[in-house]
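For reference, the structure is listed below as structure tokens.
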């Protein structure tokens with residue numbers, strides 16, 4: 001077996017130690033005589049897996065008791081609908097800050113359930129920066145303010161946590177959750193698809209302040225009503241048990257690494273390694289304003305796009321996978337999620353240097 | 001490793017050969033250098049897994065080309081909402097036939113989106129039979145007729161495919177899909193949570209006649225709009241990739257067994273073994289009308305319920321797991337899905353005989 005170095009934007013590389021544990025336990029989870037995939041979600045074995053995962057996540061992220069943690073289905077895209085359905089709470093509008101395609105999609109979907117006010121947008125500049133919060137046109141009567149702290153396609157990331165006063169801040173953290181410590185109390189609601197820093201696709205984490213739930217719009221399906229899910233500990237129906245279990249192993253792995261402080265430091269080093277190289281030459285280019293660059297997703301283009309195919313071919317031969325950029329921006333993208341090692345990034349930089357040397 | 005004989009109603013036992021293959025491929029899917037959990041859903045490796053699973057399912061179930069097959073999230077419970085949101089198509093009401101708690105829940109949720117007409121119900125007799133279709137009070141203007149061909153809690157199953165004329169028949173087949181050949185063309189829509197006969201929880205299969213889609217109600221979230229999902233081959237957003245992959249292995253396993261004809265015959269033998277024993281004595285009892293008994297879920301009670309705890313304790317010691325009945329009906333329940341072997345059922349009957357002999 002030769003594992004590749006996987007820079008995919010998501011689903012993405014997972015810690016090898018986690019995968020090895022999943023493999024070892026696959027036919028018989030700790031003497032239960034069955035796979036986690038075969039367990040009733042109501043039995044004590046799976047309940048212990050589920051509770052432990054939630055407790056570990058609460059510990060890692062320092063989530064206060066007055067926040068509910070929900071394990072849902074449907075991905076972040078489902079939340080584009082269910083956030084407004086749950087959080088408009090009789091109000092007429094919500095504020096959205098657009099710093100990439102995902103935020104734009106979220107705003108578009110929300111517009112089907114209420115009025116959307118675009119409080120700020122960097123679309124005119126191809127999402128290459130985060131608009132200064134001082135310039136945001138916030139509505140004090142908005143139901144919430146929605147941001148996308150990290151945009152996977154454009155590679156821009158919030159390195160601040162904006163203050164929206166009494167209006168709850170809602171964040172789609174799909175691509176940078178668990179990449180660094182955050183202050184959960186700055187947010188009314190955080191949601192994240194699992195398939196970057198958490199675990200397998202098919203699981204969505206929602207962390208929501210409990211005073212915001214219980215006023216879902218008529219027509220909100222029961223299993224997407226945050227209050228009903230919270231009251232039923234995310235088991236109103238059968239949850240995505242296996243993904244929940246793998247997520248729990250990832251949370252344990254993060255604890256073993258030393259927590260989010262250590263993870264953040266490692267992520268900063270990985271990103272610096274790649275950005276420092278990008279800034280040292282002119283064969284490759286990253287378009288994002290330095291202060292707003294993502295530590296999770298690093299898009300870059302070759303000065304000569306005719307070399308793109310050769311670059312990817314050579315990368316594959318060197319065991320570097322998933323580097324093709326999103327079709328909407330072209331070029332390349334290296335995703336450096338928690339499970340990507342510094343050695344993996346070094347291997348990429350070494351390959352990039354050699355390619356530039358021989359083809360530049 | 002000692003695998004138990006797992007009679008859980010769902011999530012449920014999976015074929016050992018499938019689990020062994022999942023285990024073998026867990027760190028490196030066929031030379032790709034990564035786990036299926038780590039693959040981009042847009043890359044050719046996962047696309048081949050996804051397409052092959054759909055093709056195999058179409059082949060096994062003989063699904064005609066004018067039916068779409070969707071791989072969704074949210075379980076059957078989500079479909080309780082999304083069936084009416086998608087299929088009311090401007091009509092005011094739908095007919096529901098209640099033969100157990102799941103059908104009742106489906107009808108209740110549908111009532112939030114339109115008028116629900118209970119065309120027939122066996123609730124007054126504790127769901128111990130299927131009302132004769134000749135007595136159903138069907139509305140010719142109904143948007144659809146909804147049935148639950150197998151009720152997991154009550155252990156009642158349709159052994160006919162009712163004819164509802166021009167009104168599309170909708171079936172929640174969560175607990176008996178793939179247990180026998182069916183005529184898909186008798187149905188307008190079939191849906192099923194994966195966690196019984198298909199694969200891990202977190203995946204939902206929807207099979208829908210294409211002329212019925214494209215008229216979703218306003219407010220239907222994009223990823224639960226059947227038309228949008230069909231147009232995007234179930235990849236409008238990141239699908240539950242790993243569950244989809246395991247489902248594909250289960251479909252291959254069914255083909256290797258000889259298809260649904262062979263599976264159905266085996267299921268009939270398994271169920272007969274248990275029911276024949278139940279009918280031969282009076283220590284245990286099954287309340288369901290013989291012609292309507294489920295081949296998937298066999299609920300039974302002990303004449304003396306004070307022995308329930310001892311029965312379960314002894315069963316566990318004998319390696320028989322998941323036999324506790326649903327709390328709403330009490331007693332025991334043995335689920336005999338496709339992956340349950342005849343030997344497993346024989347072991348249960350042997351245990352039941354011995355328990356009755358020593359404690360009766």
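When the stretch A:73-88 is limited to residues that are over 15 Å from the mean Cα position of the chain (by Cα) and more than 9 Å from chain B (Cβ to nearest Cβ), the one that is surrounded by the fewest Cβ atoms within 10 Å (Cβ to Cβ) turns out to be A:88.
Considering the conditions (1) within 14 Å of chain B (Cβ to nearest Cβ); (2) touching a helix residue (DSSP H, G or I) at 6+ places or on another chain (Cβ under 6 Å); (3) surrounded by 19 or more Cβ atoms within 10 Å (Cβ to Cβ), residue A:337 is excluded by exactly one of them, (2).
When residue B:348 is tested against (1) buried (at least 16 other Cβ atoms within 10 Å of the Cβ); (2) within 20 Å of the chain's Cα centre (by Cα); (3) not in a loop (DSSP other than H, G, I, E, B), only condition (2) is not met. Among the numbered conditions (1) modelled with pLDDT of 95 or more; (2) within 14 Å of chain B (Cβ to nearest Cβ); (3) not in a helix (DSSP H, G or I), the only one that residue A:281 does not meet is (2). Looking at this structure, is residue B:288 buried (at least 16 other Cβ atoms within 10 Å of the Cβ) and touching a helix residue (DSSP H, G or I) at 6+ places or on another chain (Cβ under 6 Å)? Taking the combined requirement at face value, the residue does not satisfy it. Only one of the numbered conditions (1) under 25 Å from residue B:344 (Cα atoms); (2) in contact (Cβ under 8 Å) with a residue 60 or more places away in the chain; (3) under 20 Å from the mean Cα position of the chain (by Cα) is violated by residue B:262, and that is (2). Note on the stretch B:207-229: residues that are buried (at least 24 other Cβ atoms within 10 Å of the Cβ) and within 24 Å of residue B:255 (Cβ to Cβ) amount to 1. Does residue A:235 count as within 14 Å of chain B (Cβ to nearest Cβ), part of a helix (DSSP H, G or I) and closer than 30 Å to residue B:111 by Cβ? No. Screening the stretch B:303-327 for residues that are touching a strand residue (DSSP E or B) at 6+ places or on another chain (Cβ under 6 Å) and assigned to a strand (DSSP E or B) and picking the one that is nearest to residue B:354 (Cα to Cα) gives B:320.
Looking at the stretch B:248-261, is at least one residue touching a strand residue (DSSP E or B) at 6+ places or on another chain (Cβ under 8 Å) and in a helix (DSSP H, G or I)? No, because not a single residue in the stretch B:248-261 is touching a strand residue (DSSP E or B) at 6+ places or on another chain (Cβ under 8 Å) and in a helix (DSSP H, G or I).
Against the numbered list (1) under 30 Å from residue B:81 (Cβ atoms); (2) surrounded by fewer than 19 Cβ atoms within 10 Å (Cβ to Cβ), residue B:299 comes up short only at (2). Taken as a whole, the structure places residue A:267 among residues that are buried (at least 19 other Cβ atoms within 10 Å of the Cβ), under 27 Å from residue A:126 (Cα atoms), out of contact with any strand residue (DSSP E or B) (no Cβ under 6 Å at 6 or more places or on another chain) and not assigned by TED's automatic domain parsing to the domain that holds residue A:203.
Does the stretch A:165-174 contain at least one residue that is in contact (Cβ under 8 Å) with a residue 12 or more places away in the chain, part of a loop (DSSP other than H, G, I, E, B) and under 30 Å from residue A:249 (Cα atoms)? Yes: the stretch A:165-174 contains one or more residues that are in contact (Cβ under 8 Å) with a residue 12 or more places away in the chain, part of a loop (DSSP other than H, G, I, E, B) and under 30 Å from residue A:249 (Cα atoms). Output yes when any residue across the stretch B:132-146 is over 26 Å from residue A:218 (Cβ atoms) and buried (at least 24 other Cβ atoms within 10 Å of the Cβ), and no when none is. Checked the stretch B:132-146: no residue is over 26 Å from residue A:218 (Cβ atoms) and buried (at least 24 other Cβ atoms within 10 Å of the Cβ). For residue A:230, the conditions (1) within 11 Å of chain B (Cβ to nearest Cβ); (2) within 30 Å of residue A:92 (Cα to Cα); (3) part of a helix (DSSP H, G or I) are fulfilled apart from (1). Report yes if residue B:246 is closer than 30 Å to residue A:9 by Cα, in contact with a helix residue (DSSP H, G or I) (Cβ under 9 Å, 6 or more places away or on another chain) and at pLDDT 95 or above, otherwise no. In short, yes.
For the stretch B:22-56, a residue qualifies if it is closer than 29 Å to residue B:173 by Cα and touching a strand residue (DSSP E or B) at 6+ places or on another chain (Cβ under 6 Å), and exactly one does: B:54. If the condition is being more than 8 Å from chain A (Cβ to nearest Cβ), without any contact (Cβ under 8 Å) to a residue 60 or more places away in the chain and either assigned to a loop (DSSP other than H, G, I, E, B) or closer than 19 Å to residue B:198 by Cβ (or both), then the stretch B:5-28 contributes only B:25.
Please state which one of A:314, A:319, A:330 is in the same structural domain as residue A:270 (by TED's automatic domain parsing), at pLDDT below 95 and surrounded by fewer than 20 Cβ atoms within 10 Å (Cβ to Cβ). A:330 is the lone residue from the list that is in the same structural domain as residue A:270 (by TED's automatic domain parsing), at pLDDT below 95 and surrounded by fewer than 20 Cβ atoms within 10 Å (Cβ to Cβ). Per the listing B:168, B:200, the residue uniquely modelled with pLDDT of 95 or more and within 10 Å of chain A (Cβ to nearest Cβ) is B:200. Inclusion of residue A:194 among residues that are in contact with a strand residue (DSSP E or B) (Cβ under 7 Å, 6 or more places away or on another chain), farther than 30 Å from residue A:249 by Cβ, assigned by TED's automatic domain parsing to the domain that holds residue A:212 and surrounded by 23 or more Cβ atoms within 10 Å (Cβ to Cβ) is not warranted. For the stretch B:37-70, taking the residues that are in contact (Cβ under 8 Å) with a residue 60 or more places away in the chain and within 14 Å of another protein chain (Cβ to nearest Cβ), the one that is surrounded by the fewest Cβ atoms within 10 Å (Cβ to Cβ) is identified as B:42.
Selection over the stretch B:89-126 of residues that are away from chain A (no Cβ under 12 Å), touching a residue at least 60 places away in the same chain (Cβ under 8 Å) and surrounded by fewer than 23 Cβ atoms within 10 Å (Cβ to Cβ) gives a count of 4. So, residue B:2, is that one facing chain A (nearest Cβ under 7 Å) and either at pLDDT below 95 or assigned to a helix (DSSP H, G or I) (or both) or not? In short, yes.
The values are calculated or read from the model by the stated rules, or taken from the named source; none is laboratory data. These figures come from a predicted structure and were not determined experimentally. Please note: Cβ atoms are built from the backbone with ideal geometry, for glycine as well, and neighbour counts cover all protein chains shown.
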